[in-house]
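The values are calculated or read from the model by the stated rules, or taken from the named source; none is laboratory data. These numbers were taken from a predicted model, which means no experiment stands behind them. Glycine also receives a Cβ, built like all others from the backbone with ideal geometry; neighbour counts cover every protein chain displayed.
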Amino acid sequence: MNFRVGLIGGGSITETHARAARAIPGVEIAAICGSNSEKVHRLCREHGGTPYLELSAFLTHRPMDLVIIGSPSGLHANQGIAAAKHGLHLLTEKPIDISTKSADALIEVTKQAGVKLGVIFQDRMKPHIRQLKDWIARGLLGKPLLVDARVNWYRPPDCARRLPSECVPTDRWGLAGTFTQGAVPLPSLRRLTRSTAILIALALTGLFFLKFAGQSQEPGWSIQHQEDPNAAKRMTVLLKDFEPRPMLHVAAHDVPRARFPVIDVHNHVNDATTNHGEQVPPADVVRVMDQANVNQVVILTGMWGDKLQSVIDKMVKQYPDRFLVFTQFDWSKVNDPNFSQEMVEQLDDAVRRGARGLKVLKDLGLGVKDKSGKLLPVDDPRLDPVWEECGKLGIPVAIHTSDPEAFFLPTDEYNERYEELMHNPTWSFFGPQFPSKLTLLEQRNHVIAKHPRTTFIALHVANWPENLDAVSAWLDQYPNMYVELGAREAELGRQPRRARKLFLNYQERILFGTDSDPDEKMYANYFRWLETADEYFDYWGYPEQGRWHIYGMELPDGVLEKVYNKNAQKIFSQFKGKPEGSRP
């Protein structure tokens with residue numbers, strides 16, 4: 001019967017173990033696990049076995065009898081403990097671990113699990129080492145008092161710094177990361193000279209920069225700081241390949257369901273456009289909503305006419321209590337002499353069909369042009385009758401004006417959303433052909449002030465989450481303005497104290513929205529941000545919007561309930577019924 005071996009690691013040591021194992025009759029490689037996909041797959045192609053990138057999956061592979069650990073030193077104990085708990089025998093590279101506490105824990109777990117634990121000291125079996133031990137044992141070399149062993153291979157000073165932090169030990173003086181390499185000569189010296197008073201192992205790696213200071217600081221060692229003048233030349237990692245892993249050990253709570261029922265007022269699932277992904281079976285959408293405690297989703301981009309009717313038939317009529325749909329402007333008629341009246345009539349028709357709000361895209365102000373070729377301003381007076389009609393009908397206007405502040409700046413090395421703009425160059429509105437961000441926001445606010453009987457939902461935190469003082473001032477100035485959160489978790493989450501203050505001060509004016517298709521993980525990410533005090537975690541979509549992390553706000557229950565549903569219920573309860581001439 002074959003003996004099946006699993007390997008942990010992807011470097012040269014693991015390759016050596018693979019060759020050695022295959023050279024033994026009756027032994028075969030069952031699986032190989034490592035963090036580098038390319039290396040792991042290459043090893044499996046050359047030596048056999050199933051490749052794994054996750055340790056948990058690797059340890060469930062069967063049949064497998066023995067695990068050989070060849071990963072960085074600081075991982076040996078944890079990986080070995082996990083393997084022992086799966087009933088697997090262990091053979092680990094030296095050192096058994098970087099701390100006696102971890103080593104003792106591994107030994108104890110293997111005893112409890114009834115599995116064998118071995119530590120590799122291959123030098124002991126080399127012919128010249130065995131010969132030397134025989135000579136010392138017979139006294140042919142006298143009694144050793146001092147042994148100086150030097151390792152002939154070289155590792156640069158930054159070798160340890162390139163490893164994950166858990167792989168490199170630290171001690172009081174920060175030297176242990178270098179001393180770990182002493183695991184090669186020290187065990188051999190200890191085996192050869194058990195009664196030796198002094199053992200000195202100089203692993204010629206980073207030790208050359210350690211100098212005896214002769215000063216008073218304990219213990220008499222000093223690390224001489226010296227910058228590398230060629231550091232800039234060695235920084236060759238491309239931005240697209242830079243994926244740093246945070247070393248923080250912080251709480252991480254899973255919040256799959258919101259604490260209170262949710263109304264997602266900013267969504268585009270199964271809308272009337274072709275810009276928001278593939279159509280999803282309505283039952284699948286509802287299933288996700290049920291799991292996340294989302295009672296209702298508002299589909300903002302419903303368009304008008306037959307396209308609007310199609311969305312209503314597919315989503316609202318099948319699930320009348322779960323979905324609302326908004327209508328939009330038909331900008332193809334912007335140059336018609338009766339444009340204002342046509343849009344009012346179109347709005348009335350949409351409401352008769354079942355629309356419960358008007359969505360305004362950022363095209364207004366940044367894309368829609370009149371016959372002269374000029375951009376239509378947000379506060380164009382031809383739109384006033386439409387805003388007024390929304391107020392008469394009691395339906396809200398969800399208005400997207402402007403975009404993130406970085407989109408109005410050059411796409412250069414100073415732009416914090418450089419990667420996002422490189423992926424989406426049409427999102428840049430920098431240049432004289434576009435109005436400034438502030439101009440657009442002033443135009444929108446002019447509309448809100450001019451139509452106080454109409455409710456406006458200023459999407460994306462009024463599209464200035466980078467400046468919450470300004471948003472606060474607007475909420476004070478315009479009582480008919482509300483804001484929602486869609487796709488601005490990243491901006492708010494990186495300023496948790498200021499954002500929390502906004503939520504507390506304006507708890508009756510903030511709506512929950514996502515601007516993402518319903519997804520369990522997406523909703524859980526938003527709920528974690530709003531409900532917990534977790535620190536430094538990925539926003540939804542990281543790192544597309546910027547290379548930063550976010551912090552939870554741990555909002556009070558009273559605030560959460562208003563943001564999640566009560567504020568939206570208040571707005572939608574203002575609906576005054578269909579206009580005259582209702583559709584049958």
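Observations
- Checking each residue in region 72-91 for being at pLDDT below 95 and closer than 16 Å to residue 60 by Cβ picks out no residue at all.
- Checklist (1) under 30 Å from residue 553 (Cα atoms); (2) among the hydrophobic types (A, V, I, L, M, F, W, C); (3) free of Cβ contacts under 8 Å to residues at least 40 places away in the same chain applied to residue 232, failing item: (1)
- The C-beta contact set for region 449-467 (first residue over 18 Å from residue 407 (Cα atoms), second residue acidic (Asp, Glu), distance under 6 angstrom, 6+ apart or interchain) comprises 457/484.
- Extreme residue, farthest from residue 246 (Cα to Cα), among residues of region 533-553 that are touching a residue at least 60 places away in the same chain (Cβ under 8 Å) and under 9 Å from the mean Cα position of the chain (by Cα): 543
- Here region 319-336 is the region considered, the condition is being part of a strand (DSSP E or B) and not hydroxyl-bearing (Ser, Thr, Tyr), and the residue that is farthest from residue 580 (Cα to Cα) is 323.
- Filter result for the condition that a residue is at pLDDT 90 or above and either among the hydroxyl-bearing types (Ser, Thr, Tyr) or in contact with a strand residue (DSSP E or B) (Cβ under 7 Å, 6 or more places away or on another chain) (or both), over 107, 24: 107
- Test: residue in region 258-272 that is without any contact (Cβ under 8 Å) to a residue 40 or more places away in the chain and either in the same structural domain as residue 461 (by TED's automatic domain parsing) or of a type in the set (Lys, Arg) (or both): yes
- If you go through region 6-15 and keep only what is loosely packed, with under 15 Cβ neighbours inside 10 Å and either out of contact with any Ser or Thr (no Cβ under 9 Å at 6 or more places or on another chain) or among the aliphatic types (A, V, I, L, M) (or both), you end up with just 12.
- With respect to (1) more than 17 Å from residue 317 (Cβ to Cβ); (2) free of Cβ contacts under 8 Å to residues at least 12 places away in the same chain, the lone exception for residue 283 is condition (1).
- Options 307, 362, 371; residue that is surrounded by 13 or more Cβ atoms within 10 Å (Cβ to Cβ) and out of contact with any Asp or Glu (no Cβ under 8 Å at 6 or more places or on another chain): 307
- Exactly one residue out of 329, 339, 323 is of a type in the set (Phe, Trp, Tyr) and either surrounded by fewer than 21 Cβ atoms within 10 Å (Cβ to Cβ) or more than 30 Å from residue 572 (Cβ to Cβ) (or both): that is 339.
- Scanning region 538-558 for residues that are part of a loop (DSSP other than H, G, I, E, B) and aliphatic (A, V, I, L, M) returns 553, 555.
- Residues located in region 4-49, provided they are of a type in the set (Val, Ile, Thr), over 22 Å from residue 75 (Cα atoms) and touching a helix residue (DSSP H, G or I) at 6+ places or on another chain (Cβ under 9 Å): 27
- Check on residue 467, at pLDDT 95 or above and surrounded by 22 or more Cβ atoms within 10 Å (Cβ to Cβ): no
- Hey, residue 35 part of a helix (DSSP H, G or I) and of a type in the set (Ser, Thr, Tyr) or not: no
- Of the residues making up region 220-264, just one is closer than 30 Å to residue 297 by Cβ, in contact with a helix residue (DSSP H, G or I) (Cβ under 8 Å, 6 or more places away or on another chain) and either among the small types (Gly, Ala, Ser) or modelled with pLDDT under 90 (or both), namely 258.
- Residue in region 516-536 that is under 30 Å from residue 352 (Cβ atoms), surrounded by fewer than 22 Cβ atoms within 10 Å (Cβ to Cβ) and among the acidic types (Asp, Glu) present: yes
- Filter result for residue 32 (of a type in the set (A, V, I, L, M, F, W, C), buried (at least 23 other Cβ atoms within 10 Å of the Cβ), touching a Gly at 6+ places or on another chain (Cβ under 6 Å) and farther than 15 Å from residue 9 by Cβ): no
- Among the residues of region 289-310, those that are farther than 16 Å from residue 265 by Cα and in contact (Cβ under 8 Å) with a residue 12 or more places away in the chain comprise 291, 303, 304, 305, 307, 308, 309, 310.
- Residue identified as under 17 Å from residue 255 (Cβ atoms) and part of a loop (DSSP other than H, G, I, E, B) among 561, 508, 535: 535
- Subset of region 337-383 [of a type in the set (Lys, Arg), touching a strand residue (DSSP E or B) at 6+ places or on another chain (Cβ under 7 Å) and outside any loop (DSSP other than H, G, I, E, B)]: 359, 369
- Between 30, 20, the distinction of being in contact with a Pro (Cβ under 7 Å, 6 or more places away or on another chain) and over 16 Å from residue 80 (Cβ atoms) belongs to 30 only.
- Residue 115 being assigned to a loop (DSSP other than H, G, I, E, B) and under 29 Å from residue 5 (Cα atoms): yes
- Within region 3-17, the set of residues being more than 34 Å from the chain's Cα centre (by Cα) and over 20 Å from residue 83 (Cα atoms) comprises just one member, 16.
- If you filter region 50-76 down to residues that are in a strand (DSSP E or B) and out of contact with any helix residue (DSSP H, G or I) (no Cβ under 6 Å at 6 or more places or on another chain), you find that the one that is surrounded by the fewest Cβ atoms within 10 Å (Cβ to Cβ) is 50.
- The set of residues in region 390-417 that are free of Cβ contacts under 8 Å to residues at least 24 places away in the same chain, out of contact with any helix residue (DSSP H, G or I) (no Cβ under 8 Å at 6 or more places or on another chain) and surrounded by 17 or more Cβ atoms within 10 Å (Cβ to Cβ) contains only 409.
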